[in-house]
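This report concerns only the one structure given below.
The values are calculated or read from the model by the stated rules, or taken from the named source; none is laboratory data. Because the structure is a prediction, the values reported are computed rather than measured. As a convention, Cβ positions derive from the backbone with ideal geometry for all residues, glycine included, and neighbour counts pool all protein chains shown. The protein model used for the area step is the full one, side chains on, heavy atoms only, and it has no ligands, DNA or RNA in it. Shrake-Rupley method; radii C 1.70, N 1.55, O 1.52, S 1.80 Å.
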Amino acid sequence: MFTFIIRRLLQTIPVLIGVSILVFSLMHLIPGDPAQIMAGESAPEEQVENIRERLGLNESLPVQYGKFITNAVQGDLGSSVRSGRAVTKEIGGRFWVTVELALYSTILSVFLGLIAGIVSAVRQYSFSDVAIMIVALFGLSMPNFWLGLMLIQWFAMGIDLPSWIPFIDSTAWFKPSGWGSFSQVVLPVITLGTAGAAIVARMTRSSMLDVIDEDYIRTARAKGAKERSVIYRHALKNALIPVVTVVGLQFGALLGGTILVETVFAINGMGTLIVDSIQARDFPVVQGTILVVSLLFVFVNLIVDISYNFLNKRIDLD
Amino acid sequence: MKFTRKSMLFAAITLILGLFLAACAGDPEEDDAGSSDNGETSSEGGGEGGDLVIANNSDAVSLDPNGSNDIPSYDVQRNIYETLIQQDDNVELQPGLAKSWEALEDDLWEFELEEGVTFHDGAEFNAEVVKKNLERILDPDVASAQASLFEMIEDIEVIDDHTLQIKTEYPFAPLPAHLAHPVSNMVSPDLIDEDYAAMEDGKDPGSVINENPIGTSYFKFDEWEPGNYVRLVRNDDYWGENALLDSVTFKVVKEDGTRIAEISTGDSHISNPLSPSDVEQVKQTDGVDVYEAGSVSLAYVGFNMQQEPFDDKRVRQAVSMAIDKDQIIDGIYEGFGVPASGPVPSEIPGFDDSIAGLDYDVEKAKELLAEAGYEDGFSTTIWTNDTRERIDTAVNIQSQLEEIGIDVKVEELEWGAYLDGTANGEHDMFVLGWVSGTGDIDYSLYPLFHSKNLGDPGNRTFTDIDELDDLLDEGRQTPDQDERFDIYKEAQELLVDEAPMINTHYNINLLGVRDEVKGLNQLPTQYLELHEVYIEE
């Protein structure tokens, strides 16, 4: 196990180099000049040239890349061309906001998805199975920014309830924006967790159904094991492997992909930072942020791989 | 590891509890500014005051006046710093840190400064400070985004502590207006020194000022969490009359719908801006209302005059006449716009209402097209960036031009690519806007139409007309205001005839404001005046 982890960590180095080259070249391939965007719509050419000079954009691309990577390995990701702040500082707090958002949403989607998936599989073709799958289909097809806006409408601005309902008169329970307190976290996590829950539910269901037909399940039943034990110990544990893979990938995707939900709920996370920086052609910030996200992505996948071993001892990591 | 029923149940409960606890234990610091229940108002100021929260669609880029050129940055800066001269509601110039000013000669200005003004850090405001600030704007190492506003300054001379003279290379009438532009916000001299010291150490220009901006205004900087909020608190030692509010928070809420939720729940007091299509909803919501104000901002559809067929004046006139502006104003901007006759916004002094634009006349348009040899029309493209209203405008133009046989293809570009492409003249037609930021008519015309400014600097229609250049040069160099306006009248008439762009309309600024906010004023330049604002209980 230990050598496996070391080997995987070493493998991340070429991955990160690849990612950095890719991001660096992409940013320079797309049209748009950061100096011009900074100078605004109305600045004379020499002004733009001054800014270009200051940002070091006049040097050749390999030189720029070389400087970037030399500094990056020393933990210096450069500074934002827009605000002048260090990239590490720009990423700083936003990193944890996005990690929290992704983590809570993943927990929610695993929790809901697993329960729904198991119930569905165990009672295949029953009313609850059909109902769950229909709901899951909705969850999956709903654009999450729309769901977010609807949740804000219903539970932040609130719906006035008729007077015959006791104790509560409005559903304005949560905050429409921001991140930190419980009332701010609920709506974005539900928004982001819904699609994930639907995927996990469908995945768990189909994976469980595959496993349930296996011989060893029949054997387990034949030897008189309790149905609960059959489902959770024998079936679920084996069915979980593809589910864990999907959850890992989803968590990774959420790290850079929470932009819509961040925008809708005015959450100051990494997604917004990436998109804003791309729009301003803020090369150092884009490069730095994507490097950090890829690092985390690789790390999450490492955890997923290790977890295979816990689920099925026959999977040999070394 | 065995998955027993108990362990599964335990795991599930732990997960839920963990989620709740982690969520509840949110960072308390985050809690009290960007996100707390700011609907509650504190009123230590004795009935008036309160903590105002403005939901902005964009964060400030920089709090150094020379750091960036965008409205959200300037909007915050204007409450920390002050300029020598200020604009009022009618875009007329009023004293700021300068008590008075006059042109001693055509190219020599004298400014008398307020006495007894101190910066938030205690430094004294005087003529030396003004000189230091202006020199910083002009310093190529600082690379100010708006240095061009002062490029004509030849010499700055300190006469005494509170008198200053500025000599320009050539007579330059709009100088006082440029001194009212936020780029000439006065920054504490000690802070400028620190900033230069940091530059010696390899830091970016403005990095020190940006971290801890210090000016003379009625609010002072408190905290900035980039991407989240900027908070200012009242400066109780202000040299003039103190502000009423205890604090102002500029909170970033990008999504239109969320900003409306913010003001209707009371989490914020002002939605800046308000989209025209959201006006109805806000009007129907209790406790909030719509604030409208005229603006110095023009919405236009430009032609690339160096590109066929738009190099022919008759084609440009024909296209301009084929567009019914009311369709755009009523259909897309919900009526919030004033039909434009020319490129100079009606709020700008020097705007001439006797000049009629090219009126909507499809028959005349067809005639002109035929005259130019395009009786069967032609094919062209129209570019737009991803702003909702601009895309709709492009589509509307497409359908209107179909009637005179012109086949238009709409192309939507990302902002950076859009600026780049239009600066390089790769476009045929394009949808864009222009804010006359200094409030002087020179700024409404010179950057947009002088051949010196082709492409990047503003002249994206690639207008290159000698006669117009002469008028624009003469206009900015004529000291007498009436004489100037006569010259600009001629220029405006010429522009109607040349038709380098379809001037669709002058924008109307829209805000969503909670009823308890009193004393709010939005200037035509889009900046919010917060000096006299308070929150009524």
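A few points about this structure:
- P(r) of the range A:46-171 over all Cα-Cα pairs, binned every 5 Å from zero, in whole percent: 2, 8, 8, 11, 10, 10, 10, 9, 8, 8, 7, 5, 3, 2, 0
- Amide hydrogen proximity for B:L97: with H placed 1.01 Å from N in the peptide plane, the residues at 5 or more positions away or on another chain lying under 5 Å are B:T83, B:L84, B:I85.
- Linear extension gain, A:F299 paired with A:E214, 0.36 nm per residue minus alpha-carbon span: 27.3 nm
- Based on Cα contacts under 8 Å between residues 6+ apart, chain B shows a relative contact order of 19 percent.
- Gyration tensor verdict on chain B (Cα atoms; rounded if a/c is under 1.5, prolate if a/b is larger than b/c, oblate otherwise): oblate
- Less than 5 angstrom separates the built amide H of B:L244 from those of B:V533, all sequence-distant by 5 or more or on a different chain.
- Spatial separation of Cα centroids for the range A:271-285 and the range B:426-480, in angstrom: 31 Å
- For the pair the range A:47-81 and the range B:244-269, the centres of their Cα atoms are 37 angstrom apart.
- Sites count as exposed loop sites when they are GluC sites (Glu not before Pro), lie in a DSSP loop, and have at most 15 other Cβ atoms within 10 angstrom; the longest stretch of chain A without one is A:60-213.
- Centre-to-centre, using Cα atoms only, the range B:110-171 and the range B:377-391 are separated by 43 Å.
- The charge dipole of the range B:104-162, taken about its Cα centre with unit charges on the Cβ of Lys, Arg, Asp and Glu (plus for the first two, minus for the last two), comes to roughly 420 debye.
- Residue-by-residue Karplus 3J(HN,Hα) for the range A:59-69, coefficients 6.51, -1.76, 1.60, Hz, glycine and proline x: 6, 5, 4, x, 5, 4, 5, x, 4, 4, 6
- Listed by chain and number, the lysines placed with their C-alpha closer than 29 angstrom to that of A:K226 are A:K237, A:K313, B:K2, B:K6; residues fewer than eight positions away on the same chain are left out.
- Residues of the range B:498-529 with amide N under 15 Å of a point placed 7 Å along Cα→Cβ from B:E536: B:513-521
- The H on the amide N of B:I348, modeled in the peptide plane, is under 5 Å from the matching H of no residue at least 5 residues off or on a different chain.
- Alpha-carbon gyration tensor eigenvalues x 5, square-rooted, for the protein assembly as shown, Å: 53, 32, 28
- For residues of A:95-101, the mean tally of beta carbons on other chains within 10 Å: 1
- If only the Cβ of Lys and Arg carry +1 and only the Cβ of Asp and Glu carry -1, the dipole of the protein assembly as shown around its Cα centre is close to 8700 debye.
- 12 Å beta-carbon shell around B:M321, net charge (K/R +1, D/E -1): -1
- Note on A:F182 and B:D89: the model spin-label points, each 7 Å out from Cα along the C-beta direction, lie 4.8 nm apart.
- Beta bridges per DSSP, both residues in chain B: antiparallel share near 75 percent.
- Rel. contact order, % - alpha carbon contacts under 8 angstrom, at least six apart, the range B:64-142: 16 percent
- A crude spin-label estimate for the pair B:Q327 and A:L29, with each label 7 Å from Cα along the Cβ direction, gives 4.0 nm.
- Förster radius 22 Å - calculated FRET efficiency between B:K203 and B:E414 (Cβ-Cβ, nearest 0.05): 0.10
- Under Karplus coefficients 6.51, -1.76 and 1.60, residue-wise ³J(HN,Hα) of the range B:121-138 in Hz, glycine/proline x: 9, x, 5, 8, 8, 8, 5, 4, 5, 4, 4, 4, 5, 5, 5, 5, 4, 7
- When you restrict to C-alpha pairs under 8 Å that are six or more residues apart and normalise by the size of chain A, the relative contact order lands at 25 percent.
- Surface per residue (accessible, 1.4 Å probe) for the protein assembly as shown, Å²: 41 Å²
- In this structure, B:E105 and B:D482 have a Cβ-Cβ separation that, at R0 = 25 Å, corresponds to a calculated FRET efficiency of about 0.85.
- Farthest toward positive dipole pole in the protein assembly as shown [+1 Lys/Arg, -1 Asp/Glu at C-beta], among A:I115, A:Y125, A:G196: A:Y125
- Dipole check for the range A:94-311: with +1 at the C-beta of Lys and Arg, -1 at the C-beta of Asp and Glu, and the Cα centre as origin, the magnitude is about 620 Debye.
- Highest mean packing first, where packing is the average number of other Cβ atoms within 10 Å per residue, the peptides B:134-144, A:67-77 line up as B:134-144, A:67-77.
- Interface area, B with A, accessible, probe 1.4 Å, both sides summed, Å² nearest 100: 5400 Å²
- Rg(Cα) / (2.2 N^0.38 Å) computed for the range A:94-311, rounded to two decimals: 1.19
- Averaging 1/r across all pairs of distinct Cα atoms in the range A:213-303 and inverting the result yields a Kirkwood radius of 16.2 Å.
- Hz values of 3J(HN,Hα) by residue in the range B:300-317 - Karplus curve (6.51, -1.76, 1.60), Gly and Pro given as x: 9, 10, x, 9, 8, 5, 9, 10, 5, x, 7, 6, 9, 3, 5, 5, 5, 4
- Relative pair counts by distance (%), Cα atoms of the range B:297-507, 5 Å bins: 1, 8, 16, 21, 21, 17, 10, 4, 1, 0
- Distance between the pseudo-spin-label points of A:L10 and B:Q306 (7 Å out from Cα toward the beta carbon): 5.7 nm.
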